[in-house]
Amino acid sequence: MDYETILFEKDGAIATVTINRPKVLNALNRATLEDLDRCFQAIADDPAIRVVILTGAGEKSFVAGADIAYMQHLNPLQAREFATLGQKVMNAIEQLDRPVIAAVNGFALGGGCELALACDIRIAGENARFGQPEVGLGVIPGFAGTQRLPRLIGKGYACELLFSGDIIDAGEAARIGLVNRTVPREQLMSSCREMAGRIAARGPIAVRLCKDAVNNGIEMDLGRACRYEADLFAMCFSSPQQQEGMKAFTEKRPPLFDSD
Ligand code: HXC
């Protein structure tokens, strides 16, 4: 499929989506959000893909935010519509039934930080910078940053970043749990591919159900969430992948998980 503002590559079970507007540090305009929307729909429809890596083109930026030039002249109605479109894309990434790893290769600001937050795992190059600088532009985050940031790093750190608009480096982002880890810039993509490969070798149904349990369970009270987990655990037992995984263990060999 052809996209105007993103690149899509598939290597076996691993897909890589690259936001490709390096001249404006991969800022998200309408076209980019629409491309991402279509791309993640296509990924959802392709069961051969087991893990997705999301990154930005160029050396400097993951995504430096929503496109300020585009947003500058929006009226309130158009602003709401733009926020809703962005939220739809972030939700599609979060709800995709396969893991998405953000390979943060530079600035992840505003909508870029929100995009990284919608992913399941964030790996940052040492040059990465994070922040929600919207208040400096006289607006608030609109792609769910006020919601996902406190859920991920806790209310205190989230409020500090949201109210101050401060930009933090990769080390600080790792310290507060905003990223899983930092790696040398030149090792970023290989580290992400290596992690994606390890995930892709696990039972695909089990990995999907893990993501489902985490994302849906987190919104429930503990009792309901535990019952939900037990339901999904039981569901694994109607899959040949459970048979294969446990049989391989008893036969002391690696499991072979076919695509479901
Ligand atoms: C549009 C952007 C952009 C953005 C950078 N550019 N960020 N264009 N929207 N978010 C453009 C610049 O205008 C410039 O274009 C080119 O990219 C290179 O950027 P420079 O500023 O020259 O680079 P540098 O000096 O290295 O500074 C990098 C930077 C700075 C610190 C990341 O660009 C910056 O502060 N960008 C804005 C970050 C931001 O505020 N993001 C949040 C946006 S609000 P030219 O043509 O001059 O070369 C948001 C809301 C989300 O995301 C919710 C919406 C509903």
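The values are calculated or read from the model by the stated rules, or taken from the named source; none is laboratory data. Bear in mind that the values here come from a model prediction, so they are computed numbers and not experimental data. Backbone-built Cβ (ideal geometry, glycine too); neighbour counts: all protein chains shown. Areas reflect the complete protein model, heavy atoms only, side chains present, ligands, DNA and RNA absent. Shrake-Rupley method; radii C 1.70, N 1.55, O 1.52, S 1.80 Å.
Data overview
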quantity: Within the stretch 139-158, considering residues that are within 12 Å of the ligand (Cβ to nearest atom) and farther than 20 Å from E219 by Cβ, the one farthest from the chain's Cα centre (by Cα); calculated: V139
quantity: Failed criterion for G177 (all others in (1) more than 16 Å from the ligand (Cβ to nearest atom); (2) part of a helix (DSSP H, G or I); (3) not acidic (D, E) hold); calculated: (2)
quantity: Pairs with Cβ under 9 Å, 6+ apart, first in the stretch 238-260 and in contact (Cβ under 8 Å) with a residue 60 or more places away in the chain, second of a type in the set (V, I, T) and open to solvent by 100 Å² or more (accessible area, probe 1.4 Å); calculated: none
quantity: Residues within the stretch 106-138 that are on the phi < 0 side of the Ramachandran plot and either free of Cβ contacts under 8 Å to residues at least 24 places away in the same chain or away from the ligand (no atom under 13 Å from the Cβ) (or both), tallied; calculated: 8
quantity: Any chance V89 is open to solvent by less than 10 Å² (accessible area, probe 1.4 Å), in contact with a helix residue (DSSP H, G or I) (Cβ under 7 Å, 6 or more places away or on another chain) and part of a strand (DSSP E or B); calculated: no
quantity: Test result for A230, modelled with pLDDT of 95 or more, out of contact with any strand residue (DSSP E or B) (no Cβ under 7 Å at 6 or more places or on another chain) and within 30 Å of V183 (Cα to Cα); calculated: no
